[in-house]
Amino acid sequence: MSKTAPASQVEELFPLSTLRHSVAHLMASAVGNLYPGVKFGFGPSIDNGFYYDFDLPEGTAALESKDLKRIEKEMRRLAKKTPEMAVETLTRDEARARLVAAGQALKVEAIELIPEGEEITFWSHGDWYDLCEGPHVDRLDHDYFFKLQTIAGAYWRGDENNPMLQRIYGTAFWSKEELDEHLAWLEEVKLRDHRRIGTEMDLFSTHAEAGSGFVFWHPNLANVRLEIEKFWWEEHLKRGYDPVYTPHVSKEELFAVSGHLENYGDMMYAPMMLDDMPYRTKPMNCPGHILIYQNRGHSYRELPLRWAELGTVYRYERSGVLHGMLRVRGFTQDDAHVFCTPGQLEAEIASVLGLVDFMLKTFGFEYTAYLATRPSEKTIGDDSVWEQATAALVGAANSLSMPLELDEGGGAFYGPKIDFKVRDAIGREWQNSTVQCDFNLPERFDLTYTGEDGQPHRPILIHRAVLGSLERFVGGLIEHFGGRFPVWLAPTQVALIPIQEDHVAYCEELAGLLRAEGFRVTCKDASSHMNKRIKEAQKAQVPYMLIAGEREAVDRTVALRRRGTREQDVVSFEEFAKMLREKRATRSLEI
């Protein structure tokens, strides 16, 4: 392709997001050539690539993966034939008339999304044009490299009541090396997909008969969850938290008082009628904890009160965004609420931040903490309350030398928060932990405590989740570890493999000793070929295989084979058991 400037200068002039947006336009023009009459939706640059949505003409077969090569070929032809990109500004009426004449109904609708007073621009190359605010590269024949990747369905404007469009995803880079690295990374993402691993290791399932967005934990993954819950409770009890349990269903009125009905109603399930009154499944645990607080009076001497619950909540997510364990409609929140005095607030937030840091690092996660400030709309409380809460969060983070990135307008409707995004083994960010400072719900529910002066005072409420949704956290763990859980979390920690039938009794004895100490152990049937039994343990990602024959039974030893290796070390059973205890006690990430 011809170039107007050296590649290095072009890269400096146009950010990667601009290149990708331009390649999305190039793709759309190619689709327009190959499928006359197609209607165009939106085609933005996104993280790691771009997409464009299409409504193919009636009677046209749905796009398939094999069509992507054909579209790529047409993109390259057009980039050479009509490389120059141009922009023009039209009035609203001119823009509408142009799109109506072209039969682009979706784009006509898109004009109504542009606020009055904003410029309406069209970008074009050759005869093809698109309603778009830009920016774009100046030419499409610069040196760059692109790949069309997948086809998916997408509702127009993300609304499941609108028509289903076809979405083509792709990516583009300035260099072939970067593109190749990215495509290799995507292959690793596929290999780590928790849905694929979940099937291979028999971890979880979802069922149409039960409804979309609800996870069924199989014994293998339930053991992982149980281990996480034990760790979670152990650390909370050490830090002075008390357990509470609250109902899954409450009167709708409760959520009207809390503000959830007004500010979160589109995520709540429709009411059910009980005793001629509307009830709702809970989207949050906080109103239930508040009712417990209201049950009797409290003195300043009792505060802070720290109440924790692994509480299952229900939120309506659109079917198009549901994704395995990562985006669901029913999930267990590792929730807790701290009721404290103003003088205790910063220290309590600092304590929570320390707990988050400790637990995330135990799982091997690095993270970035974000200060999420007041949203521009749908919030409660006056400015002074928000300023107080934000200052307390910042002060607590500073006391721990914890750096904060700014997430302007990302707070909850009732208060600012600190969100934690962890980075997994291949560099992706996952949103999990959150610490939220709330002056508003205590006001709405008229919560009080008796102060030193004998007068009623308003407590402050800290909402916090260390792991977030257990479903999302564990789904992320599966992908982080690629199914190769560390010893303390592994669904099965040890597989005992007798060489022959005569050695089963010895292996069963050792298995019994380990189970008595709470270890998760399987003893393989000796009737099948030993290589098959080893492969079964490998597929299940068992950290340790203990192989035993006649000599091992006599010497009270085992041939130890670690996950991912072929080597075997003969060690005494007691030596192995000691090592296993240490790995569990320290929650080691190594085997």
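The values are calculated or read from the model by the stated rules, or taken from the named source; none is laboratory data. Bear in mind that the values here come from a model prediction, so they are computed numbers and not experimental data. No Cβ is skipped: glycine too gets one built from the backbone with ideal geometry, and neighbour counts run over all protein chains shown.
Can His289 be described as over 30 Å from Thr448 (Cβ atoms) and not assigned by TED's automatic domain parsing to the domain that holds Ala465?
no
For Leu447, state whether it is more than 15 Å from Phe363 (Cα to Cα), in contact with a His (Cβ under 9 Å, 6 or more places away or on another chain) and surrounded by fewer than 22 Cβ atoms within 10 Å (Cβ to Cβ). Break it down into steps so the answer makes sense when it comes.
Details: more than 15 Å from Phe363 (Cα to Cα): yes; in contact with a His (Cβ under 9 Å, 6 or more places away or on another chain): yes; surrounded by fewer than 22 Cβ atoms within 10 Å (Cβ to Cβ): yes.
Spelling it out, Leu447 is indeed more than 15 Å from Phe363 (Cα to Cα), in contact with a His (Cβ under 9 Å, 6 or more places away or on another chain) and surrounded by fewer than 22 Cβ atoms within 10 Å (Cβ to Cβ).
Search region 204-238 for residues being charged (D, E, K, R) and exposed (fewer than 15 other Cβ atoms within 10 Å of the Cβ), and hand back the single one that is modelled with the lowest pLDDT. Spell out how you get there, then give the answer.
Our first condition is that a residue be charged (D, E, K, R); within region 204-238, this holds for 209, 225, 227, 229-230, 234-235, 238.
Cutting the leftovers down to exposed (fewer than 15 other Cβ atoms within 10 Å of the Cβ) gives us 209, 230, 234, 238.
On the way: Glu209: 93, Lys230: 97, Glu234: 97, Lys238: 97.
Checking each candidate, the answer is Glu209.
Going through region 271-299 one residue at a time, which ones are more than 19 Å from Phe331 (Cβ to Cβ) and among the small types (Gly, Ala, Ser)?
Result: Gly297, Ser299.
Between residues in region 350-378 that are more than 21 Å from Asp335 (Cα to Cα) and residues that are modelled with pLDDT of 95 or more and in a loop (DSSP other than H, G, I, E, B), which pairs lie under 9 Å by C-beta distance while being six or more apart or on different chains?
Gly364/Pro486; Gly364/Leu589
Counting just the residues of region 379-401 that are surrounded by 14 or more Cβ atoms within 10 Å (Cβ to Cβ) and without any contact (Cβ under 8 Å) to a residue 24 or more places away in the chain, which one comes out nearest to the chain's Cα centre (by Cα)?
The selected residue is Val394.
So if I check each of Glu72, Glu88, Glu64, which one is touching a residue at least 24 places away in the same chain (Cβ under 8 Å) and in a loop (DSSP other than H, G, I, E, B)?
None of the other options fit; the residue is Glu64.
Confirm whether Ser175 is touching a Ser or Thr at 6+ places or on another chain (Cβ under 7 Å) and of a type in the set (S, T, N, Q).
On the way: touching a Ser or Thr at 6+ places or on another chain (Cβ under 7 Å): no; of a type in the set (S, T, N, Q): yes.
So Ser175 does not fit the description; no.
Go through the residues of region 24-31 one by one and say whether even a single one is touching a residue at least 12 places away in the same chain (Cβ under 8 Å) and farther than 17 Å from Trp123 by Cα.
The first filter runs over region 24-31 and keeps only residues touching a residue at least 12 places away in the same chain (Cβ under 8 Å), leaving 24-31.
Subsequent filtering for residues that are farther than 17 Å from Trp123 by Cα retains none.
No: region 24-31 contains no residue that is touching a residue at least 12 places away in the same chain (Cβ under 8 Å) and farther than 17 Å from Trp123 by Cα.
Pick out, from region 451-528, the strands (runs of 3 or more DSSP E) lying fully within it that include 1 or more residues that are of a type in the set (Val, Ile, Thr) and farther than 30 Å from Thr390 by Cβ. First the steps, then the outcome.
Details: elements: 460-469, 494-498, 521-523.
Correct list: 494-498, 521-523.
For residues that are in a helix (DSSP H, G or I) and aliphatic (A, V, I, L, M), scanning just region 195-235, find the one that is farthest from Val466 (Cα to Cα).
Our first condition is that a residue be in a helix (DSSP H, G or I); within region 195-235, this holds for 195-200, 219-235.
Imposing the further condition that a residue be aliphatic (A, V, I, L, M) reduces the set to 197, 221-222, 224, 226, 228.
Working: Ile197: 25, Leu221: 20, Ala222: 19, Val224: 17, Leu226: 16, Ile228: 12 Å.
Selected residue: Ile197.
Run down Met272, Met267, Met277 and say which single residue is more than 26 Å from the chain's Cα centre (by Cα), surrounded by fewer than 18 Cβ atoms within 10 Å (Cβ to Cβ), at negative phi and in contact (Cβ under 8 Å) with a residue 24 or more places away in the chain. I'd like the intermediate steps shown before the answer.
Numbers: Met272 fails: in contact (Cβ under 8 Å) with a residue 24 or more places away in the chain; Met267 fails: more than 26 Å from the chain's Cα centre (by Cα).
Selected residue: Met277, the only one of Met272, Met267, Met277 that is more than 26 Å from the chain's Cα centre (by Cα), surrounded by fewer than 18 Cβ atoms within 10 Å (Cβ to Cβ), at negative phi and in contact (Cβ under 8 Å) with a residue 24 or more places away in the chain.
Hey, can you tell me all the residues within region 159-184 that are loosely packed, with under 13 Cβ neighbours inside 10 Å, touching a residue at least 24 places away in the same chain (Cβ under 8 Å) and farther than 25 Å from Met267 by Cα?
Lys176
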